[in-house]
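The values are calculated or read from the model by the stated rules, or taken from the named source; none is laboratory data. Remember, predicted model here, so these are calculated numbers, not experimental data. A quick note on method: Cβ atoms are made from the backbone with ideal geometry, for glycine too, and the neighbour counts reach across all protein chains shown. Surface accessibility is based on the protein's heavy atoms, side chains included, excluding ligands, DNA and RNA. Shrake-Rupley method; radii C 1.70, N 1.55, O 1.52, S 1.80 Å.
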Amino acid sequence: MFNFPTPENEELLYSVIARAGVIAGELDSIPLLKMVFGHHKLIATVDLPSNIETIAKNYHESCNLPSNDLIYKHTLFPIYAPFIEEQTRKKVIEWMKYSNSGAAQTATGRCASIVKAKKELMVCPGCLQEQLVEKGTVFLKRSWMVPGIRHCLKHGDLFHTGIELGKDARHAFKPLPIELACNITKNSKVSTKHQIICGAVDKLLLLPETSSPTFNQWSCYYNDLGIKYGVTRGKQVDHSIISATVLSHWGEGFLRDIGLVEDPKEIQWLTNIFRKHRKSFSFLQHIVVLDALVSGWSWKKLLSVVKRYPSAPQKVKKVEYQKVDLKKRKEWDIVVKNHGINGAKKSGHVALQMWLYRHDTDWYKEHSKVNSLPKYRPNNRVDWQQRDNELCEALKQKLSKYDLVFIDRQITRSWMMNLLGCKPMIEKNLEKLPILISLFNQYTESTSDFQIRRVNKTLSELKLADESVAEWKLLRFSKLSKDRVRPETSIYIAKVLYQEGCEDTLKHCSL
């Protein structure tokens, strides 16, 4: 696309594409998508857009705007990247470069997070006025659309534009009206707590691309954090002390305002973040905990400390002294010979078995392997040859009750199994019933065979009634249509018509 605008500092790619539509005079979503991406099957996403590689190709090499720079400097991916594992981070980057079908939102935890994404565009009128004076245009900054952020550090409260996202026009990149910059609003004071949150988010957005810690590293860090700051009960982290510390530092009302607390008596995520990490936590959750417990922290120091921990849990095998008691070994030999290993439990020798398992483990396991029954035991309860003969006789008796030439349904294997009344048993043991299988193959008819049989039935009925043979009669009375007739059936009907001396033949059949 020609004249594609260069993104301004901290501008979202959503805003860049919207400005491109204004410059090209294409405010309709479908032509704009085709102009920028070459197709219109794309959802307009504010935080984690896709097809960024296509956008990067619109810029000349001199602009120095590769796709990775666009992802880290003009999307909200940096607020998720440090808290997902490295393998997931690389996958999300690839998904954002190309088509992702919503996979990026799911993998980063955005969809399941308790901190929900904003449903409408939010702006700072003071910043818009500055943009209009300096740049001559207005654009959407990243920090305005960060979930949970409602203030601008410089001018105060953010303004609700009323431009909703994703409802009626999922494909539309909506530009910011210049009129928003004309809203004269007084700068409102930002509380100290909101300043801490906004400042931490701004620094997080500016972090350069780097590898992400693993969940095990985050788990180890928070466990040590609880021990270091004395919020422990013995060797375990005391979650009640942590909850009280965090609530007293931030205040219940503030945490509820940013969406992190519903019930102050039970903050489940605050408990889980100090346990083993099995999923990623939101940047807001990390900020709230760190600011309450760690003084003077920063993202660079934090990530460097977290990455020092082992990336995977270290498995340590306990080496215990093995006790040898020959009397108990002999006693167990006698029990196994008389009752077997499983029978030893039922015969009241559980205590002996558990003692050997705990104190003489190696001998017990080796002895169990020798004396254990094979995993596969053949089932000889049924004489399958006799069962095969019985089922064949039963099937012949059932089929003898039907006129298989004029029956109105297709003769299939499933139908014959249902006649016998034991379909599940037959399906599970088909390899043991060779005579029955051959009988099935003898009577089973394909769809084309069934159609030809119906045609023959109709043909005989027409001759008995002394009526003329025609293509439409054969099809209608056989309940067939030209669209559903199989090629074999079409050829057979054409031959019948030819033999009967009819001029009427199927158009799609060649003899």
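For the range 111-156, residues that are touching a Ser or Thr at 6+ places or on another chain (Cβ under 6 Å), of a type in the set (A, V, I, L, M, F, W, C) and either farther than 15 Å from GLU8 by Cβ or free of Cβ contacts under 8 Å to residues at least 24 places away in the same chain (or both) total 2. Somewhere in the range 21-36, is a residue in contact with an Asp or Glu (Cβ under 8 Å, 6 or more places away or on another chain) and part of a loop (DSSP other than H, G, I, E, B)? No, the conditions are met nowhere in the range 21-36.
In the list SER481, SER438, which residue meets the criterion of being part of a loop (DSSP other than H, G, I, E, B) and either under 15 Å from LEU391 (Cβ atoms) or not acidic (Asp, Glu) (or both)? Testing whether each residue is part of a loop (DSSP other than H, G, I, E, B) and either under 15 Å from LEU391 (Cβ atoms) or not acidic (Asp, Glu) (or both) leaves just SER481. Within the range 127-146, if we keep just the residues that are in a helix (DSSP H, G or I) and charged (D, E, K, R), the residue that is surrounded by the fewest Cβ atoms within 10 Å (Cβ to Cβ) turns out to be GLU134. For the criterion of being within 46 Å of the chain's Cα centre (by Cα) and open to solvent by 70 Å² or more (accessible area, probe 1.4 Å), GLU427 passes. Does at least one position in the range 103-123 carry a residue that is part of a helix (DSSP H, G or I), at pLDDT below 90 and touching a strand residue (DSSP E or B) at 6+ places or on another chain (Cβ under 7 Å)? No: zero hits. A Cβ distance below 9 Å, combined with a sequence gap of six or more or placement on separate chains, defines the contacts here; from the range 436-454, residues that are in contact (Cβ under 8 Å) with a residue 12 or more places away in the chain and open to solvent by less than 40 Å² (accessible area, probe 1.4 Å) reach residues that are in a helix (DSSP H, G or I) and among the acidic types (Asp, Glu) in the pairs LEU436/ASP388; SER448/GLU488; GLN451/GLU488; ILE452/GLU488.
May I ask you to say which residue of VAL335, VAL370, VAL405 is within 46 Å of the chain's Cα centre (by Cα) and of a type in the set (A, V, I, L, M, F, W, C)? Break it down stepwise before answering.
Values: VAL335 fails: within 46 Å of the chain's Cα centre (by Cα); VAL405 fails: within 46 Å of the chain's Cα centre (by Cα).
So the residue among VAL335, VAL370, VAL405 that is within 46 Å of the chain's Cα centre (by Cα) and of a type in the set (A, V, I, L, M, F, W, C) is VAL370.
A quick yes/no check of all residues on (1) closer than 28 Å to ASP202 by Cβ; (2) open to solvent by less than 20 Å² (accessible area, probe 1.4 Å); (3) free of Cβ contacts under 8 Å to residues at least 60 places away in the same chain:
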site	(1), (2), (3)
GLU11	yes, yes, no
VAL36	no, yes, yes
SER62	no, no, yes
ILE84	yes, yes, no
LYS90	yes, no, yes
THR106	yes, no, yes
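Regarding VAL319, is this residue at pLDDT below 85 and either of a type in the set (Asp, Glu) or not in a helix (DSSP H, G or I) (or both)?
Numbers: at pLDDT below 85: yes; either of a type in the set (Asp, Glu) or not in a helix (DSSP H, G or I) (or both): yes.
Considered against the rule, which asks whether it is at pLDDT below 85 and either of a type in the set (Asp, Glu) or not in a helix (DSSP H, G or I) (or both), VAL319 comes out as yes.
Listed by first and then second residue, the pairs linking a residue in the range 199-215 that is more than 17 Å from TYR309 (Cα to Cα) to a residue that is charged (D, E, K, R), with Cβ atoms under 8 Å apart and 6 or more places separating them unless they lie on different chains, are ALA200/ASP291; LEU205/GLU10; LEU205/ARG142; LEU207/LYS300.
Restricting the search to the range 455-473, which residues are open to solvent by less than 60 Å² (accessible area, probe 1.4 Å), farther than 17 Å from ASP408 by Cβ and touching a residue at least 24 places away in the same chain (Cβ under 8 Å)? Residues satisfying the conditions are VAL469, ALA470, GLU471. Evaluated against (1) open to solvent by less than 20 Å² (accessible area, probe 1.4 Å); (2) part of a helix (DSSP H, G or I); (3) not hydroxyl-bearing (Ser, Thr, Tyr), PRO49 falls short on exactly one condition, (2).
When residues in the range 327-356 are screened for being farther than 13 Å from HIS367 by Cβ, open to solvent by 50 Å² or more (accessible area, probe 1.4 Å) and part of a helix (DSSP H, G or I), 10 of them pass.
Just to verify a result, which residue in the range 147-173, among those that are open to solvent by 60 Å² or more (accessible area, probe 1.4 Å) and part of a loop (DSSP other than H, G, I, E, B), is nearest to ALA117 (Cα to Cα)? So, considering only residues that are open to solvent by 60 Å² or more (accessible area, probe 1.4 Å) and part of a loop (DSSP other than H, G, I, E, B), the one nearest to ALA117 (Cα to Cα) is ARG150.
Note on the range 376-424: among residues that are among the acidic types (Asp, Glu) and assigned to a helix (DSSP H, G or I), the one that is farthest from PHE440 (Cα to Cα) is GLU390. Of all residues in the range 108-126, those being open to solvent by less than 20 Å² (accessible area, probe 1.4 Å), more than 19 Å from PHE281 (Cβ to Cβ) and touching a helix residue (DSSP H, G or I) at 6+ places or on another chain (Cβ under 7 Å) number 4. The lone criterion from (1) closer than 30 Å to LEU459 by Cα; (2) among the aromatic types (Phe, Trp, Tyr); (3) surrounded by 13 or more Cβ atoms within 10 Å (Cβ to Cβ) left unmet by TRP384 is number (1).
Could you tell me whether ILE197 is crowded, with 20+ Cβ neighbours inside 10 Å and either of a type outside the set (Asp, Glu) or in contact with a His (Cβ under 9 Å, 6 or more places away or on another chain) (or both)? Judged against the criteria, ILE197 is a match.
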